[in-house]
Structure formats: structure tokens, C-alpha cells
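The block underneath contains the structure these notes are about, expressed in C-alpha cells.
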């Protein structure tokens, strides 16, 4: 008990010194950019989780090339489905379409991204056969609305 009281007393005595410090105000990041888009396909495998009994989800990253126009806030993506290999067999590969993909983006430091105009949140399946829109909010509060569109889907 005595040690606990001593620790609290020392901590309370240190608080005025910490508060008195002249903390430098750092500028907030102003950028609200998307620099890259990646796509994944996920499927339930035949393997069951030993604890839950649910199917284990497998994932395959799709090859992408991005054409980013920061002025217009648009990204045109070419997606190529890789060859069948391992768990990603020909049966699974044949099921891949732009209609059900999981998207991921690279955004500016400290920025947040939210879906707008009916787009699903990133990291969840969405129909990417039509363009999707997202709002990127910079750390300083500045917003920029982005449009992402798959312009070519190669199998």
C-alpha cells in the first residue's frame, strides 16, 4: 500500500513539469491522394478451421497496373488474373470476375478513406464492373473525392 501511494505521489509531482514543457505544434498533413490500387479475390476453401468448423478463407492477389490522374482524382486500373497455381486452381480461377473483388488502396500519410455514392467499404467484396467513388480526408481536414474504375479485366 505504501509503495502504491509513493508511486502516485511521484507521478503527481511530475505532472506540472510535463505540462510546462513548450510542445512544438506540428503541421498536419495536407495530402489527400491515392497512389495505388490493388485487388484480391477470396474464396472459402475445403479446409475447415479446427476450432470454429468454418471454412478457411483463401486469398489471391490479382496483378494490377494503375493510371493515376491526381488532377482529375481518377484511377484507371488494368487487372490481370494470374495463372492457376496451388490453391488457386483452374476451377477457382474461372470464378474470378470484376463483379466480386476486394479492393485495397495506398493513401497519403495520415489520410482516411470512406466510400461514397454506394461504394462498399474497402476490404469488403464489391462489384468493380462499374466505377467506384471514395472520399479521402487529409489529416488537416481537406477532402478529395476519387473515382476508381477497372478499364480492362484480363483472364
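State whether the residues of region 7-14 include one that is surrounded by 13 or more Cβ atoms within 10 Å (Cβ to Cβ), farther than 30 Å from residue 151 by Cα and free of Cβ contacts under 8 Å to residues at least 12 places away in the same chain.
Among the residues of region 7-14, not one is surrounded by 13 or more Cβ atoms within 10 Å (Cβ to Cβ), farther than 30 Å from residue 151 by Cα and free of Cβ contacts under 8 Å to residues at least 12 places away in the same chain, which makes the answer no.
For residues that are surrounded by 10 or more Cβ atoms within 10 Å (Cβ to Cβ) and outside any strand (DSSP E or B), scanning just region 18-53, find the one that is modelled with the lowest pLDDT.
Taking region 18-53 as the starting set, the residues that turn out to be surrounded by 10 or more Cβ atoms within 10 Å (Cβ to Cβ) are 28-45, 47-49.
Checking the rest, the ones that are also outside any strand (DSSP E or B) come to 28-33, 49.
Numbers: 28: 80, 29: 90, 30: 94, 31: 95, 32: 96, 33: 97, 49: 94.
In this case the residue turns out to be 28.
Restricting attention to region 96-103, does a residue exist that is modelled with pLDDT of 95 or more and closer than 23 Å to residue 28 by Cβ?
No, there is no match, as no residue in region 96-103 is modelled with pLDDT of 95 or more and closer than 23 Å to residue 28 by Cβ.
The values are calculated or read from the model by the stated rules, or taken from the named source; none is laboratory data. Everything numeric in this text was worked out from a predicted model, so none of it was measured. We place every Cβ from the backbone using ideal geometry, glycine too, and count neighbours over all the protein chains shown.
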